[in-house]
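First the structure, in the form of structure tokens, and then the observations on it.
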Amino acid sequence: EAAVTQSPRNKVAVTGGKVTLSCNQTNNHNNMYWYRQDTGHGLRLIHYSYGAGSTEKGDIPDGYKASRPSQENFSLILELATPSQTSVYFCASGEDWGPGQLYFGEGSKLTVL
Amino acid sequence: AQSVTQPDARVTVSEGASLQLRCKYSSSGTPYLFWYVQYPRQGLQLLLKYYSGDPVVQGVNGFEAEFSKSNSSFHLRKASVHWSDSAVYFCVLSAGMLSGSFNKLTFGAGTRLAVCP
């Protein structure tokens, strides 16, 4: 069974603080993704990665950094968190050869006060 | 630019009734289309996918979708819904070859389905 796990599942941060959201996948997929989900917007792509050591900007990268230290792990980093980054964040992994076949984690709810 | 429009933010149906969730897309290339479902407090799961060929594709749990190039649509259907189908449904478009990555996805805003007993 494909598995993507995210931590923490819930996080409350203060404005200006640093937040790191972590993602681990046991699917051995090369591709990993970070999305945020906001009401009325569906999911929007923040950063993605084609493999260890690579990160690419998605559609809304401003205010976010990403790190892919290994095949299994992909982190999303908010260096200076702002209230506008309050959202639910989803990590996903995907195969190279299957368009759109992504496997999602259960989400991380971030509240920035 | 690609886009996906789900015109209905919320749909309520009675258990046992038929269902159609609407999806319109815009793509300058060959569209690869998907429906994902999100059950409460869970991540998204693939329901079905369309790459090419037969415009009617079957998915899990009795769901099917019909692709129409002339209407730029990919509507989701089910003949008889169950209370456990209550969830948020996302219509999704893949960037495909244009972006160099099949897995850059464009999501619709989602339709929240409530099935009443």
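Computed FRET efficiency, Cβ-Cβ of B:SER14 and A:ALA52, R0 45 Å: what is it to the nearest 0.05? Before the final figure, lay out each step's value.
Working: r = 50 Å, r/R0 = 1.11.
Between B:SER14 and A:ALA52 the formula returns 0.35.
Multiplying the sequence separation of B:ALA79 and B:THR5 by 0.36 nm and subtracting their Cα-Cα distance, what value in nm do you get? Don't jump to the answer; show the numbers that get you there.
Working: separation 74, 0.36 × 74 = 26.64 nm, distance 2.29 nm.
In short, 24.3 nm is gained.
Roughly what would the spin-label model give for A:SER7 and A:SER84, points 7 Å off Cα along C-beta, in nm?
Output for this residue pair reads 3.2 nm.
Find the cysteines in chain B that fail to meet the 4.7 Å Cβ criterion with every other cysteine, and list them.
B:CYS116
Between segment B:11-90 and segment A:51-70, what's the alpha-carbon centroid distance in Å?
Measuring centre to centre over Cα atoms gives 30 Å.
Residues with beta-carbon under 13 Å from that of A:LEU43, excluding A:LEU43: net charge, scoring Lys, Arg +1 and Asp, Glu -1? Please report the intermediate quantities before stating the final value.
Numbers: positive: A:ARG36, A:ARG44, B:LYS104; negative: A:ASP38, A:ASP59.
The answer is +1.
Positive end of the charge dipole of chain A (Lys, Arg +1 and Asp, Glu -1 on Cβ, about the Cα centre): tell me which of A:PHE90, A:SER7, A:MET32 has its Cα farthest that way.
The Cα lying farthest towards the positive end belongs to A:SER7.
Any idea what % of Cα-Cα pairs in the protein assembly as shown are farther than 29 Å?
Details: 7140 of 26335 pairs.
Pairs farther apart than 29 Å: 27 percent.
What's the longest bit of chain A with no exposed trypsin sites (Lys or Arg not before Pro), using DSSP loop states and at most 15 other Cβ atoms within 10 Å as the test? Before the final figure, lay out the partial values.
Working: sites that count: A:ARG9, A:LYS18.
After excluding every exposed loop site, the longest remaining stretch is A:19-113.
So which chymotrypsin sites (Phe, Trp or Tyr not before Pro) in segment A:12-113 end up in coil per DSSP with only 10 or fewer other C-beta atoms within 10 Å? Each step should come with its number before you reach the end.
Values: sites: A:TYR33, A:TRP34, A:TYR35, A:TYR48, A:TYR50, A:TYR64, A:PHE74, A:TYR89, A:PHE90, A:TRP97, A:TYR103, A:PHE104; in loops: A:TYR50, A:TYR64, A:TRP97.
Filter output for segment A:12-113: A:TRP97.
The numbers here are math on the coordinates, done by the rules we state, and not lab data. Keep in mind the model is a prediction, meaning the values are calculated, not measured. FYI the Cβ positions are ideal-geometry reconstructions off the backbone, even for glycines, and counts take in every protein chain you see.
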